[in-house]
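The structure under discussion appears below in the form of structure tokens.
Just so you know, all these numbers are worked out from the coordinates, no wet-lab data involved. Because the structure is predicted, anything quoted here is derived from the model rather than measured. Cβ sites come from the backbone with ideal geometry, for glycine too, and all protein chains shown count toward neighbours.
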Amino acid sequence: MLQTDMVHGSSENQTTSTEAITEDEILLQDQQLKRIEDEQKSAPLVGDKCSLFSLVALYDPDTSSAFFSKANELTEVYSDIRFIRGDGNCFYRAVLVGLVEIMLADKEKLRKFITSSKEWTEKLVKLGFPDWTCTDFCEFFIEFLQNIYDGKDNADAVFKNLNDDNTANYLLMFFRLITSGHLKENAAHYEPFIGEGLTLAQYCETEIEAMWKESDHLAIIALVKATNIRLRIEYMDRSEAPNGGWHHNLPDGNDDASFVPDITLLYRPGHYDLIYKKPAVAS
Amino acid sequence: MSNIALNRLQRECKEVVTNSEISETGIMIEILNENLTEIKGHIRGPPDTPYAGGMFDLDIKIPDQYPFSPPSVKFCTKIWHPNVSSQTGVICLDILKDQWAASLTLRTVLLSIQALMCSPEPKDPQDAVVAKQYMEKPQVFKSTAEFWTLKFAKGTVPVNTDYQGRVDKLKDMGVREEEAISVLSCNNWDLNRATVYIFS
């Protein structure tokens with residue numbers, strides 16, 4: 001799963017190359033992409049919640065000792081993991097699932113999120129997003145939440161939707177749009193972080209609004225702010241964390257003592273899954 | 001395809017068909033099947049280009065993942081253009097590949113292809129032979145593209161008798177007209193080289 005994510009990324013780079021490529025090469029590339037896609041599709045979009053020891057089991061204590069021991073260490077704090085399909089959408093999907101779980105359990109939070117999603121719809125139009133093609137995604141997302149609120153969809157129905165490509169893509173697109181919307185709304189603040197001679201608008205269109213494009217740190221902070229969540233990311237590999245630590249708190253890197261995350265993600269190179277803390281033991 | 005996607009596509013088709021600017025924009029679509037997965041596009045050759053006066057047909061196929069994946073679009077009318085394969089009609093256009101966004105529509109796609117017809121991008125070619133001619137022999141490119149427009153896209157420019165004469169010579173040798181035009185175009189209308197290419 002990890003590998004496919006990375007392979008996917010590199011083949012995308014190839015297609016953006018400006019060199020002329022022959023039709024045979026295009027065909028070969030298409031075949032490769034198809035194979036990778038088939039491999040990805042063998043995993044569910046959103047896995048069932050399962051014991052974190054299933055993560056430990058993925059690593060060989062001898063050949064990947066660092067990840068093996070890190071996974072073991074995580075089991076001291078966390079009890080469960082929900083694997084997310086590695087298709088370039090994993091960050092957005094993981095946050096979506098995490099948020100939906102919170103809202104299934106807390107009607108007041110759900111009500112607030114419906115309100116803010118409606119506000120986002122108006123904001124996106126004001127920010128100049130193409131009118132009906134964008135608001136379609138917003139309306140779909142709001143209807144999805146409203147069905148939970150009205151009791152039309154129970155948790156089973158909700159997870160069925162989250163695991164259905166057709167439905168889930170529309171929900172993810174809403175997340176991508178508000179991520180992009182947050183960046184565009186605060187363009188002056190984010191512009192300096194955009195590299196490679198892209199404008200912020202171009203970056204949003206090619207990196208954020210395009211499905212199956214992996215998220216970078218900018219996308220992460222923007223979605224966290226757009227959804228107003230507190231997010232912790234645990235890193236399997238210390239060198240990957242922006243602050244050089246084992247985990248990172250967002251939006252503003254609060255220190256651990258005062259920070260209570262709504263959602264916790266586990267980052268393994270190129271991929272995000274959801275993890276869940278052990279229930280607090282009553283003293 | 002999901003119902004949501006189908007609804008959206010219906011709306012997109014309507015957007016092209018009922019848009020009041022049609023007479024000005026020169027784009028049109030025709031729906032070929034009920035579930036809207038196969039659509040025919042038409043683009044009128046933009047004025048002041050070698051394609052002026054022609055009518056170009058495109059095959060549009062809507063993938064299952066639409067609108068998250070781009071529609072697949074190619075010319076079925078033969079066209080001489082650096083960013084379109086002169087053999088297969090495959091188009092090299094960023095929004096049909098990695099620059100696709102789910103907020104784009106059939107209308108924006110057709111308008112973008114029309115814009116590409118006005119401003120070729122020879123540095124990012126689909127057809128290297130055409131692109132080379134476009135950059136090195138712009139006059140030959142222009143008259144070749146006009147000839148193709150006349151021959152394949154019902155264009156209205158007067159026929160280039162010089163070119164037609166060379167095509168006829170190859171036809172006399174038993175070569176199909178389409179192949180004759182293609183090989184001559186690829187060889188900058190050098191009859192000897194075209195003949196050698198065909199018969200060697």
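By a straight-distance test (C-alpha under 19 Å), which lysines pair with B:Lys61 as possible cross-link partners, with residues fewer than eight away in the same chain excluded? By straight Cα distance, B:Lys61 reaches A:Lys34, B:Lys14, B:Lys40, B:Lys74, B:Lys78, B:Lys97. Take the Kirkwood radius over Cα pairs of the stretch B:128-199, plug it into Stokes-Einstein at 10 °C and 1.306 mPa s, and you get 129 µm²/s for translational diffusion.
Lys and Arg at +1, Asp and Glu at -1: add these up for the other residues within a Cβ distance under 13 Å of B:Gln87 and post the number.
-3
A cut-off under 14 angstrom between Cβ atoms defines the neighbours of A:Lys278, and their net charge, with Lys, Arg +1 and Asp, Glu -1, is -2.
Separation of the stretch A:32-55 from the stretch B:1-18 is 32 Å, based on Cα centroids. Principal-axis analysis of the Cα atoms of chain B puts helix B:177-186 at an angle of about 80° to the longest axis.
Taking the inverse of the mean reciprocal distance over all distinct Cα pairs, the Kirkwood hydrodynamic radius of chain B comes to 17.9 Å.
Let's test the formula: R0 of 25 Å, r as the Cβ-Cβ distance of B:Asp94 and B:Lys14. What FRET efficiency results, to the nearest 0.05? Approximately 0.45, to the nearest 0.05.
Take A:176-184, B:75-83 and order them by the average number of nearby Cβ atoms within 10 Å per residue, most first; the result is A:176-184, B:75-83. When every Cα-Cα distance of the stretch A:87-229 is counted in 10 angstrom steps from zero, the calculated P(r) takes the values 11, 44, 34, 9, 1 percent. Calculated FRET efficiency, B:Gln139 to B:Lys169, Cβ-Cβ distance, R0 = 22 Å: about 0.50 to the nearest 0.05.
With the cut-off at 37 Å, report for chain A the share of all Cα pairs above it, as a whole percent.
Of all Cα-Cα pairs in chain A, 14 percent lie more than 37 Å apart.
You can think of it this way: the chain between A:Glu23 and A:Leu198 has 60.1 nm of extra reach, that is 0.36 nm per residue less the Cα-Cα gap.
A simple spin-label model places the labels of A:Val125 and A:Lys107 3.0 nm from each other, with each point 7 Å out along Cα-to-Cβ.
So what's the angle, to the nearest 10 degrees on a 0 to 90 scale, between helix B:161-172 and the longest Cα principal axis of chain B? Orientation of helix B:161-172: about 80 degrees from the principal axis. Rounded to the nearest 500, the 222 nm mean residue ellipticity of chain B from helices alone is -13500 deg cm²/dmol, with -39,500 (n - 2.57) taken per DSSP H run of at least 4 residues.
Inverting the pair-averaged 1/r between distinct Cα atoms of the protein assembly as shown gives 25.4 Å as its Kirkwood hydrodynamic radius.
Give the residues of the stretch B:132-150 whose amide nitrogen is closer than 16 Å to a point set 7 Å from the Cα of B:Asp162 in the direction of its Cβ. It comes to B:137-148, nothing else. Both radii are taken from the alpha-carbon atoms of the stretch B:3-118; with Rh as the Kirkwood radius, Rg/Rh is 0.94. Between 0 and 90 degrees, the angle of helix B:3-18 with respect to the longest Cα principal axis of chain B falls at about 60 degrees. Screening chain A for whole DSSP H helices with an alpha carbon extent of at least 30 angstrom along the helix axis and a mean Kyte-Doolittle hydropathy of at least 0.0 yields nothing. Placing a pseudo-label 7 Å from each Cα along the Cα-to-Cβ vector at B:Asn33 and B:Ser72 gives an inter-label distance of 1.2 nm.
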